[in-house]
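Written out below as structure tokens is the structure these notes cover.
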Amino acid sequence: MESTTLIIVGIIGLAVGFAIAKFMEKGKASKTLINAKKEAETILKNAKNEGESIKKDKIFQAKEKFLELKAEHEKVIISKDKKMSEALKRTRDKESQVSSELAKSKKLNEELDVKIREVTHREEIFEKKQAELDKLHNNQVQQLEVISGLSADEAKGQLLESLKETAKTDAMAFVQTAVEEAKLTAQQEARKIVINTIQRIGTEEAVENCVSVFNLESDDVKGRIIGREGRNIRALESATGVEIIVDDTPEAIILSCFDSVRREVARLSLHKLVTDGRIHPARIEEIVKKTEKQIEQEIVEVGKRAVIDLGIHGLHPELVRAVGRMKYRSSYGQNLLQHSREVAKLCGVMAAELGLNAKLAKRAGLLHDIGKVPNTETEIETPHAILGMQWAEKYGEKPDVCNAIGAHHDEIEMKTLISPIVQVCDAISGARPGARRQVLDSYIQRLKDLEDIAFGFGGVQKAYAIQAGRELRVIVESEKVSDEKAAQLSFEISQKIQTDMTYPGQVKVTVIRETRSVNVAK
């Protein structure tokens, strides 16, 4: 029992202690709650105070912003008012100006109306006077027609015809005077240029021919050159293409060939064979081949020297080689290279005198006869001027140079000023005394035959062979030969010459028909 009582008492003590503890915790909580309420009131109070202060600040700032905006708005309104007032002022000024102009315009219109009325009145008066004048003019014309027996149209026609004849005569006289003056001036200037050009160029005379003489130390060498049964001389002729003439001429052998290159190859080969002493067919072929190579090199060197001496640059190597080959060619006994150099110098001087491109003219003058040294047999059939032009075009020469080469014998149309210069200089170089060697009798006979052919046609009054037989100039009687007949006569004479005669190059036939009216003033 006692233990149970003790347990109960302990349980009751524990309950009482638990209750006391609960009561004490409840007291502490109430105190904390009170403190929290106090703090919350304090915070609310502070927050209200801060909110009031912030509200006041914001209201103050808003008022300031409002005042600023109001001031700016007032400024804008003031500027707009100012602009409006200025625009209004300008409008008023314009209105006043327009009003004044309207007033002036009204005044001018009134003055113009007055003038129009005056002009109208004057026109009426003028028309009346014009009608009176026309009436008087008609009366005078009728009286003149009665007096002269001609109508007005007939008189007008006669007057016009008379004026036409007078004007035509005056015009023809003026034109003839101008033409004569121009011809005189042109001839004087042309002669001056040609004479100056010829005087400034000095050249040598031609000495080329178709044979070369090879001198020997003794006649004993002739037998070695001929060889056993003539085998050496046959081998030499076969290798060089040159006819070797061994005759009774003492200490000399004659080499005959129209080709100067082959003659030179034969001459040098003979010189080497005679100097060496070993003369037999195998040695001959070897020496001829070496000599041909040497001549080919010399041709190139000669071409280069000629080009450099004349100051010509940029020439194609094949054209340089063609220029070098001209050294071993001749035309009517005139050395072709010497002739071409002379023509080049003449062209350069004449072009400079005329204010043209002297270098281009000199280039065309040097190349004008390159067609005379063809490479193949097929090219021989082509005229040398056309062949030279084809080569120049092939190797990139300028069109002016090509045209001058092709046209220097009138085989194509001349298209540049350099072409007639080359033609004239070619004639100057070939026609000067001593330039070309021909048999005199055959030359004179050929010229006589040319003139006789011309005289064989009707209406021919005179005939002259000029320019060393390159041109036949025929003068006909104007009463017997018309202009159309003159052209036909030129063609017929050229065909007759082509059929009946043998001649080098070309012959130009010029038929001249002249009408003269002669009167004597007494």
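None of the figures in this text is laboratory data; all of them are computed from the coordinates on show. Bear in mind that the values here come from a model prediction, so they are computed numbers and not experimental data. Virtual Cβ from ideal backbone geometry, glycine too; neighbours counted across all protein chains shown.
Table for the structure above
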item: Spin-label model distance (nm) - Ile466 vs Asp500, 7 Å beyond Cα toward Cβ; result: 2.3 nm
item: Neighbour net charge for Ile125 - beta-carbon separation under 14 angstrom, K R +1, D E -1; result: -1
item: Gain on full stretching of the segment that runs from Arg92 to Asn109 - 0.36 nm per residue minus C-alpha separation; result: 3.6 nm
item: Amide H partners (placed H, <5 Å) of Glu243, local residues excluded; result: Ser256
item: Relative contact order (%) - criterion: Cα under 8 Å, at least six apart; region: segment 443-513; result: 34 percent
item: Those lysines that a straight Cα-Cα span of less than 28 Å connects to Lys58, excepting residues fewer than 8 apart in one chain; result: Lys45, Lys48, Lys70, Lys75
item: Which of Val349, Val261, Val98 has the fewest Cβ neighbours within 10 Å, and the rest in rising order; result: Val98, Val261, Val349
item: Length added when fully stretched, Asn138-Leu159, from 0.36 nm per residue minus Cα-Cα; result: 5.6 nm
item: Amide H within-cut-off set for Asn335, under 5 Å, with H built and near neighbours excluded; result: Val207, Glu208
item: Net charge contributed by nearby residues that have their C-beta within less than 14 Å of Glu110 (K/R +1, D/E -1); result: +2
item: Separation in nanometres of the label points that stand 7 Å from Cα toward Cβ, at Lys65 and Thr169; result: 11.4 nm
item: Residue-count net charge about Ile233 - beta-carbon cut-off 11 Å; Lys, Arg +1, Asp, Glu -1; result: +2
item: Whole-Hz ³J(HN,Hα) from phi, Karplus 6.51 cos²θ - 1.76 cosθ + 1.60, for segment 406-413, glycine and proline x; result: x, 9, 6, 10, 6, 7, 9, 6
item: Greater than 25 Å apart at Cα, pairs in Lys362/Lys448; Lys345/Lys415; Lys359/Lys415; Lys104/Lys129; Lys362/Lys394; result: Lys362/Lys448; Lys104/Lys129
